[in-house]
Amino acid sequence: MIGRIVACLSLCALAACVSGREERIVCDRVLTFGEEPSPSIPDRIRRVDFLPLEFSEAAAFRCADKLLFRNGLIYVGDFGSRKIVAYDMAGRVSFVIHRHGRGPGEYLEMKSFTADDRNVYVVDNASRRVLLYDCRTGVFRESKPLPVVAWDIEALHNGDFILAFSPLTGGTLSESQPNYRLFVTDSDFAVKRRLFAFDPGYSEPLGRPTYFSVSGDSLVFSSFWFDGFTVFDRRDAVGFRHVAIDFARGIPGKYRQDRDAVLDGPYRYPVAVPVLCGDYVAVDVRCGEYLDTYLFDPAADAFIGNSETGAYLFPPVAVFEGRFVALLPGSSYADLVEEGFPRAPDAVERNLNEDGNLLLFYGM
């Protein structure tokens, strides 16, 4: 499983440029991304299952910034719309949290969210609060102080939480906070541990909608800090392992904080948190204007890419029961089938709304 990817491996050192000096990150493994990965992802896909998500005006969302499977529900967060839509496992809308404002149970912004077996937790940096809603009904319960500005949040199995932050180029905070990327808190959001310090002048050229992904008991953290990811045990986040991705045309250290050089240069870099499923690692890689999803296959010890036709792997947004999960606009389905994508069963097609969305479950 996930642990086999990163455990019992020889150590190596990755150099990351931080404010003009070299910070040594001890890595448990380096995954090599070749110059041109072979297009063979469809060969690894056994089947694709489909789940249409019910459409309604109240539940409509523009972008699935974060998707979680918890409590027999599917939670989709659209941070730009400040909305969370919860579906049951048949794709029917269960409830919607959409409460922008200054009153009780309302938030000024929705930067991220998570859920455990009691609550949905919404991060509102503007008011420095975490708002708690019943995880099965969406009813507001209470709010708690947020100790730091956070870009993402995840719940740990022991009742603690982990918050992620990375300073962004051109951005400033209204209040200073400790220069750490991760903060582990207790259930009341009091900070217990700080992880991965950065220099006061450090900043990252690009942000991300999320900085965590979850697969079973594994919690994955990634930012522009280095090309790779960090795997925690979700039971308590005490131990962790760094895994680097070595790109043949990676960003030179001197350009890692230069937004224009990163966006316009001929360099490859991950733009989202990798998603781990079984022994596979899915990562979205950008080079200039081009973006695609690649899969690290440990059996081949190599990254592989998508083909032009067939069971194209769309960017995974979650993992459920050992399958990658991607979200597709319903309006794209017909064109994909014409290009050779597997067809959904008739019952799915009858329930597919072009204004709605479709979840794809990839059995590898």
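The values are calculated or read from the model by the stated rules, or taken from the named source; none is laboratory data. Source: prediction; values computed, not measured. Please note: Cβ atoms are built from the backbone with ideal geometry, for glycine as well, and neighbour counts cover all protein chains shown. Side chains are part of the model used for accessible areas, which takes the heavy atoms of the whole protein and leaves out ligands, DNA and RNA. Shrake-Rupley method; radii C 1.70, N 1.55, O 1.52, S 1.80 Å.
Assorted remarks:
- Note on the range 300-311: among residues that are over 15 Å from residue 46 (Cβ atoms) and of a type outside the set (Asp, Glu), the one that is surrounded by the fewest Cβ atoms within 10 Å (Cβ to Cβ) is 309.
- Scanning the range 91-118 for residues that are in contact with a Cys (Cβ under 9 Å, 6 or more places away or on another chain) and farther than 24 Å from residue 55 by Cα, we see that the one that is surrounded by the fewest Cβ atoms within 10 Å (Cβ to Cβ) is 117.
- Residues of the range 228-245 that turn out to be without any contact (Cβ under 8 Å) to a residue 60 or more places away in the chain and either part of a loop (DSSP other than H, G, I, E, B) or surrounded by fewer than 22 Cβ atoms within 10 Å (Cβ to Cβ) (or both), as a count: 4
- Filter result (closer than 19 Å to residue 110 by Cα and open to solvent by 10 Å² or more (accessible area, probe 1.4 Å)) within the range 71-90: 79, 80, 81, 82, 83
- Among (1) assigned to a strand (DSSP E or B); (2) surrounded by fewer than 19 Cβ atoms within 10 Å (Cβ to Cβ); (3) in contact (Cβ under 8 Å) with a residue 24 or more places away in the chain; (4) not charged (D, E, K, R) - the single one residue 324 does not satisfy: (2)
- Residue match in the range 272-283 (condition: assigned to a loop (DSSP other than H, G, I, E, B) and either in contact with a Cys (Cβ under 6 Å, 6 or more places away or on another chain) or without any contact (Cβ under 8 Å) to a residue 60 or more places away in the chain (or both)): no
- For the condition in contact with a Ser or Thr (Cβ under 7 Å, 6 or more places away or on another chain) and among the small types (Gly, Ala, Ser), residue 299 does not qualify.
- Scanning the range 117-126 for residues that are outside any strand (DSSP E or B) and in contact with a Lys or Arg (Cβ under 7 Å, 6 or more places away or on another chain) yields one hit, 125.
- Here is the figure for the range 327-357: residues that are surrounded by fewer than 14 Cβ atoms within 10 Å (Cβ to Cβ), farther than 30 Å from residue 296 by Cα and either among the β-branched types (Val, Ile, Thr) or in contact (Cβ under 8 Å) with a residue 60 or more places away in the chain (or both) total 1.
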